[in-house]
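Trainee: So that we are looking at the same thing, I have put the structure below in structure tokens.
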Amino acid sequence: MASCEKRRSAPAPATGSGLVEPVRAGVGGREPESEAEFLLQSGVTSMVREALLKVLEARPEEPISFLASYFEKLVLSGPQGGAAGDRHGQHQRLGRALWYVRLAHHSHRTAFNNNVSMAYECLSARGRRKKPGVNGRIYSELLKKICQDGEAPEEVVSSLLRKIQCRDHEAVPFDVFRYGVLSCFVLLEFVAKADTLYNVLDDGSGVADKRVCQAVLGTLEDALGASDFSVPIRYLEAGSKLGPDCLALAMDKALLERKICSSMNREEFLKKATALFIAKVKPID
């Protein structure tokens, strides 16, 4: 009967009993690694350090939610098996790259550049038979997703993408990648500012005097055409130089013209304003 009884594990020695708990042997007879060694070798240390750096760079309003989203993206971008898994993994990497570039406003240049670099690394090709780098197809997909979030007219977005896209199988250098991403974000902000300007022109009626709109657009064109800018963010800085006095003078001059004039709706105004922006964007060679 005694041989049939289940053996029970010996209880752990009580504290202060003088008995020493046996040390567990490591795998393969090796010495067990310490907590610090385990965290370092498993990559947890570097992963957590990178997450904390991202919190400091982005400075989100809700840091805990930020970290939760960060680690979720990290898990979803993990390796998948097979051709279907590769397509799924590429989709997840695209979502993670989009999350990276949205973390910081482009005016925070250091944080923005770091995040764009992380997005580029995330989209970089992997595998033995693949050369590292981002191809034109996934680069173009990222640009389209960025522009989908804004209220830019579809025609304007298409015009911008034709200037900054690359061929599907073309290798995209990081400088080109950053220029394209930045151009998209600046376009969205430019559209938002133009929309706010129209709100002033229509005075809440929904339509604005065409003479006044044309005068404001002419003043904006003069400000953008004053210099040849090579950095997209300079377009916003040039537009911000249109002070109230400058705009008021142009509007008063337009209203003094005794001509019967029609109105201009919001969509037409935004198309004309953003067309000025597109004209200044330098195409990728």
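Read-outs throughout are calculated quantities, based only on the coordinates presented, and are distinct from any laboratory measurement. These numbers come from a predicted model, not from an experiment. Please note: Cβ atoms are built from the backbone with ideal geometry, for glycine as well, and neighbour counts cover all protein chains shown.
Trainee: On a full-extension model of 0.36 nm per residue, what is the gain between residue 151 and residue 61, subtracting their alpha-carbon distance, rounded to one decimal in nm?
Mentor: Values: separation 90, 0.36 × 90 = 32.40 nm, distance 2.46 nm.
Here the answer is 29.9 nm.
Trainee: Output ³J(HN,Hα) for region 271-279: one whole-Hz value per residue in order, computed from phi by the Karplus curve 6.51 cos²θ - 1.76 cosθ + 1.60 with θ = phi - 60°, and x for Gly and Pro.
Mentor: Each residue's phi maps through the Karplus curve to give 4, 5, 5, 6, 5, 5, 5, 4, 4 Hz.
Trainee: Given 0.36 nm per residue, what is the gain on full extension from residue 205 to residue 39 after removing their alpha carbon distance, in nm? Before the final figure, lay out each step's value.
Mentor: Details: separation 166, 0.36 × 166 = 59.76 nm, distance 6.25 nm.
Value of the extension gain: 53.5 nm.
Trainee: Residue separation times 0.36 nm, minus the C-alpha to C-alpha distance between residue 51 and residue 110: what's the value? Could the numbers behind the result be given before it?
Mentor: Details: separation 59, 0.36 × 59 = 21.24 nm, distance 1.64 nm.
Answer, rounded to one decimal: 19.6 nm.
Trainee: Still on this structure, please answer the following. Nearest 0.05, what FRET efficiency do residue 170 and residue 192 give at R0 = 22 Å with Cβ-Cβ as r?
Mentor: Working: r = 31 Å, r/R0 = 1.42.
FRET efficiency, residue 170 to residue 192: 0.10.
Trainee: Still on this model: Scan around residue 263 for amide H atoms under 5 Å from its own, H built in the peptide plane at 1.01 Å from N, and keep only partners 5 or more places away or cross-chain.
Mentor: 210
Trainee: Given a cut-off of 25 Å, name the pairs among 54/163; 193/282; 144/271; 145/271; 54/282; 210/282 whose C-alpha atoms lie farther apart than that in the structure shown.
Mentor: Numbers: 54/163 31 Å; 193/282 21 Å; 144/271 18 Å; 145/271 20 Å; 54/282 31 Å; 210/282 30 Å.
Over 25 Å Cα-Cα: 54/163; 54/282; 210/282.
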